[in-house]
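Quick notes on the structure that follows.
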Amino acid sequence: MAIYSEYDPKIVQDELKALLPEAALSTSYFERINNALDPYTSSDVITQDQVPYAVVRPGSTAEVSQVMKYANDKKIPVFVRGSGTSLHGASKYRHAGIVISTRRLNHLNIDKENGYAEFGPGHRVLELKTALEKEGYFLPLVPGSIRVASVGGMINNNSSAHAVDTCMGKPRDYILGLEVVLPTGEVIETGTKGLRRPAGTDLTQYFVGGDGLLGVITGIRMQTVPMFCSAYGVAYFSDEITAAKAVQRIYLEKAPVPLFLEYLDSRVAKIAYQIQDLPEPEGSLIMFHAIGQTNDEATHKINRLVETIQKESIIEAHRIEDLDEWHKIWLARESALPYICQGGKGVFGLSEVVSTVKDLDKCMEDTKNMHKGMPTLEKLGEPYIMGHIGALTFHPVYIFPADWSEEEKAKGIEEMFFKEAEINTRYGTVGGEWGQFAKRTPFYLQRYGKEMYRLVKEIKKVFDPNGILNPDIFRD
């Protein structure tokens, strides 16, 4: 773990006040602590000497540059924070430093004539989605935490979340260019204003999916995606393995890949459907959303998917024509996690298991049994399972009882990430949503080896010679 000089918080705060407008700085003790926590409040509990010196809320690239120059000169760690919803520990810091909140970096310009939108990283995903939809465009970022997740966090992780990669691609497939403040304070612009992306070396690709290691993204230029026609379907299964085999069949028979193909196990489906006043489902389910240039094209794809799924031994599958019914089913998926937490009366632990197409049924079985051999998880039994099954991704969920000690909850989370790494290693895969380091650093070393890890750290040194930007993303 890196070692940094300790500073008197009051001195740092006074020096930042001289650099920034009043609206761009918070020295509130509550805000400083709140901006150093992540969803796993029981994990890596923050200590007094880890409380940030200040929270900076810049409203411009110039203000970010001033903060980075100041921090680089003083060798003070800087932690960039969107919404703090990262689920692999990247929002939990181990050093005192300066937190840059991106919330006020929320400019937006939709350039219809050139086919792109330019915006800041501080937008909540739902805010940007709503603005683009008003102009007839689709935002290819669809996290379950759409109401709170920041656009900047999604792009730093190259996460498309619910969207199936083989249908929609990843965020980097739409990013034309970026404005970035380097850790030393210099401002660079990457990419192009044309719709044809650069051939050869393009630093845009270093920052999209760069885990926040190399620079602070302050401006994003993204190709606009015209809105499409949609059709919807749902299928119910008596067991989870058959659901996995149905998805394998979709790929093996070259059926149309849907935009969304989501899974809820029978326990999750029952809870989520009940909240939405839907009839109790007979088993686990997958819901799917196909797209096309016309209604006929989208409907043809849904019908083909239903026909393909029906070749397995299922309870039933059908196209959904009632939009109200679809919206309720989709909302059941989007809000499943808080419903589980509420019903379980505890705090959640969530991991990300990814399969290959060939082994999806085996991976489902492994995910069901990930508690076995883990002393803490065995107390809870099988996890709840939901996920982006069309993207071959499962999210096993554990609810740690509220009356457990913080140490016991933290142990459970540690075991959960251990099993995540074990299963992903078995299938030669890697998580596609949350970034690759923080609590996943041991897995990265195991999956790619010491030389790959060394190269990543050497690349960071080129951009960040003093190692001040988001240093706690590495956990070695």
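The values are calculated or read from the model by the stated rules, or taken from the named source; none is laboratory data. Values in this document were obtained by computation on a predicted structure and should not be read as measured data. Here the Cβ positions follow ideal geometry from the backbone for every residue, glycine too, while neighbour counts run over all protein chains shown.
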State all residues of the range 260-315 that are part of a strand (DSSP E or B) and either of a type in the set (Lys, Arg) or touching an Asp or Glu at 6+ places or on another chain (Cβ under 6 Å) (or both); if no residue qualifies, say none.
Ser284, Met287
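So if I check each of Lys439, Lys450, Lys460, which one is more than 20 Å from Tyr206 (Cβ to Cβ) and touching a residue at least 12 places away in the same chain (Cβ under 8 Å)? Step through it out loud before you land on a result.
Working: Lys450 fails: touching a residue at least 12 places away in the same chain (Cβ under 8 Å); Lys460 fails: more than 20 Å from Tyr206 (Cβ to Cβ).
Just a single option satisfies the conditions, and that option is Lys439.
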Being β-branched (Val, Ile, Thr), touching a Ser or Thr at 6+ places or on another chain (Cβ under 6 Å), modelled with pLDDT of 90 or more and not in a helix (DSSP H, G or I), is that true of even one residue in the range 46-54?
no
Filtered residues of the range 327-370 (kept if among the small types (Gly, Ala, Ser) and in contact with a Cys (Cβ under 6 Å, 6 or more places away or on another chain)):
Ser355
Name the single residue that is surrounded by the most Cβ atoms within 10 Å (Cβ to Cβ) among those in the range 407-432 being among the aromatic types (Phe, Trp, Tyr) and under 21 Å from Ser159 (Cα atoms).
Phe417
Being in contact (Cβ under 8 Å) with a residue 60 or more places away in the chain, closer than 27 Å to Leu259 by Cβ and not assigned by TED's automatic domain parsing to the domain that holds Asn72 narrows it down to one residue among Asn114, Asn158; which is it?
Asn114
First in the range 70-95 and closer than 16 Å to Pro9 by Cα, second anywhere and in a loop (DSSP other than H, G, I, E, B) and modelled with pLDDT under 80, Cβ under 6 Å, 6 or more apart:
Phe79/Tyr93
Do we have Ala255 as in contact (Cβ under 8 Å) with a residue 40 or more places away in the chain and either buried (at least 24 other Cβ atoms within 10 Å of the Cβ) or outside the structural domain of Gly381 (by TED's automatic domain parsing) (or both) here?
no
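Quick check, is Gly435 surrounded by 16 or more Cβ atoms within 10 Å (Cβ to Cβ), more than 26 Å from Ser266 (Cβ to Cβ) and not β-branched (Val, Ile, Thr)? Write out each step before concluding.
Working: surrounded by 16 or more Cβ atoms within 10 Å (Cβ to Cβ): yes; more than 26 Å from Ser266 (Cβ to Cβ): yes; not β-branched (Val, Ile, Thr): yes.
Yes; evaluated as a whole, the condition is true for this residue.
What do you reckon, is Glu297 in contact (Cβ under 8 Å) with a residue 40 or more places away in the chain and in contact with a Cys (Cβ under 8 Å, 6 or more places away or on another chain)? Break it down into steps so the answer makes sense when it comes.
Numbers: in contact (Cβ under 8 Å) with a residue 40 or more places away in the chain: yes; in contact with a Cys (Cβ under 8 Å, 6 or more places away or on another chain): yes.
When the stated conditions are applied, Glu297 passes them.
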Please find, within the range 316-357, the residue that is surrounded by the most Cβ atoms within 10 Å (Cβ to Cβ) out of those that are assigned to a strand (DSSP E or B) and of a type in the set (Val, Ile, Thr).
Val353
Residue check, Val225 surrounded by fewer than 24 Cβ atoms within 10 Å (Cβ to Cβ) and hydrophobic (A, V, I, L, M, F, W, C):
yes
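How many residues, within the range 126-154, are assigned to a helix (DSSP H, G or I), of a type in the set (A, V, I, L, M) and either surrounded by fewer than 17 Cβ atoms within 10 Å (Cβ to Cβ) or out of contact with any strand residue (DSSP E or B) (no Cβ under 9 Å at 6 or more places or on another chain) (or both)?
Matching residues across the range 126-154 total 2.
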If Gly381 meets every condition in (1) touching a residue at least 40 places away in the same chain (Cβ under 8 Å); (2) surrounded by fewer than 20 Cβ atoms within 10 Å (Cβ to Cβ); (3) out of contact with any strand residue (DSSP E or B) (no Cβ under 7 Å at 6 or more places or on another chain); (4) under 19 Å from Asp265 (Cβ atoms) apart from one, which number is that one?
(1)
Which of the residues that make up the range 128-170 are at pLDDT 90 or above and within 12 Å of Trp434 (Cα to Cα)?
Gly153, Met154, Ile155, Asn156, Asn157, Asn158
